[in-house]
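Asker: Below is the structure I would like to discuss, written out as structure tokens.
The values are calculated or read from the model by the stated rules, or taken from the named source; none is laboratory data. Not measured: the values here are computed from a predicted model. Note that we place each Cβ from the backbone using ideal geometry, even for glycine, and neighbour counts take in every protein chain shown. With ligands, DNA and RNA removed, areas are computed over all heavy atoms of the protein, side chains included. Shrake-Rupley method; radii C 1.70, N 1.55, O 1.52, S 1.80 Å.
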Amino acid sequence: MNASAVESVTRAEYCVIACAEAWRGDGEILASPMGAVPSVGARLARLTFAPDLLLTDGEATLVGPDGEPEGWLPYRRHLALVTGGRRHVMMGASQIDRFGNQNISCIGDWEQPARQLLGVRGAPVNTLNNPVSYWIPRHSPRVFVERVDMVCGVGHDRARAAGPSATRFHRIPRVVSDLGVFDFATPDRSMRLASVHPGVTVERVREATGFPLTVPADVPFTRAPSPAELALIREVVDPARTRDREVRV
């Protein structure tokens, strides 16, 4: 891709690429993206480097990259995929801490929360049975917190404390935000800055994070989409530009 093409890539499109990469190498597995950008990313992955991915509409249908039905996924089969580790979900997070504990239930004390959110939902089962990544469209210290107010999705420290029954299938491949990509490739499995999106500085990421991040000496930029990937994003997968509704720079 030439320089002018790279310059035309939007922040949302870098986020799409970062989300798509979460499913690289997964093989034949159910991709469950939650949110516009992860959905575009999963469909892009299916069309390019992950042709064996199964895509769901979030209800009872398997769909193709164009959104057309490909099969039926009854709820009992969906649960079998989850509990058997054959799904990789990309969830959101109202709060996430340095070890990957996620909160989508409430803000404040459980006895009398300041704000009621979605509830625990399926987060504990997700995180203990199949890979779970996260997509956070607004990176701020209110989301990236030192300690979550309630644990819904289980992080590395709590899984480790619970023992082998919790760690056996526990995996958090990556966290993607509108500022960068994060993983847990550290000795204590705390969050590490893996890449920043072009136009974002490491210092900005630090300031927007409510806990000390592990930051390598040399932080790369998130990879740019190839010309073919960019064409697929803009012309095939997301011509309506739903990605821009979640990422605003």
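Asker: Do we find a residue being hydrophobic (A, V, I, L, M, F, W, C) and farther than 23 Å from LEU117 by Cα anywhere in the stretch 144-153?
Answerer: Among the residues of the stretch 144-153, not one is hydrophobic (A, V, I, L, M, F, W, C) and farther than 23 Å from LEU117 by Cα, which makes the answer no.
Asker: Return a yes/no flag: does the stretch 64-84 have any residue that is touching a residue at least 60 places away in the same chain (Cβ under 8 Å), within 14 Å of the chain's Cα centre (by Cα) and surrounded by fewer than 15 Cβ atoms within 10 Å (Cβ to Cβ).
Answerer: No, the stretch 64-84 contains no residue that is touching a residue at least 60 places away in the same chain (Cβ under 8 Å), within 14 Å of the chain's Cα centre (by Cα) and surrounded by fewer than 15 Cβ atoms within 10 Å (Cβ to Cβ).
Asker: Looking at GLY25 and the list (1) surrounded by fewer than 18 Cβ atoms within 10 Å (Cβ to Cβ); (2) assigned to a helix (DSSP H, G or I), which single condition is not satisfied?
Answerer: Condition not satisfied by GLY25: (2).
Asker: Consider THR48 carefully, then state whether it is modelled with pLDDT of 95 or more, of a type in the set (Val, Ile, Thr), under 18 Å from ARG138 (Cβ atoms) and surrounded by fewer than 21 Cβ atoms within 10 Å (Cβ to Cβ). If you could, list the steps in order and put the result at the bottom.
Answerer: Numbers: modelled with pLDDT of 95 or more: yes; of a type in the set (Val, Ile, Thr): yes; under 18 Å from ARG138 (Cβ atoms): no; surrounded by fewer than 21 Cβ atoms within 10 Å (Cβ to Cβ): yes.
Judged against the criteria, THR48 is not a match.
Asker: Among residues belonging to the stretch 155-191 that are in contact (Cβ under 8 Å) with a residue 24 or more places away in the chain, farther than 25 Å from GLU246 by Cα and of a type in the set (A, V, I, L, M), point out the one that is surrounded by the fewest Cβ atoms within 10 Å (Cβ to Cβ).
Answerer: ALA166
Asker: Could you check how many residues of the stretch 161-193 are assigned to a loop (DSSP other than H, G, I, E, B) and not β-branched (Val, Ile, Thr)?
Answerer: Within the stretch 161-193, residues that are assigned to a loop (DSSP other than H, G, I, E, B) and not β-branched (Val, Ile, Thr) number 16.
Asker: Checking the condition in a helix (DSSP H, G or I), open to solvent by 70 Å² or more (accessible area, probe 1.4 Å), at pLDDT 95 or above and acidic (Asp, Glu), which residue from GLU229, GLU235 passes?
Answerer: Going through GLU229, GLU235 in turn, just one is in a helix (DSSP H, G or I), open to solvent by 70 Å² or more (accessible area, probe 1.4 Å), at pLDDT 95 or above and acidic (Asp, Glu): GLU235.
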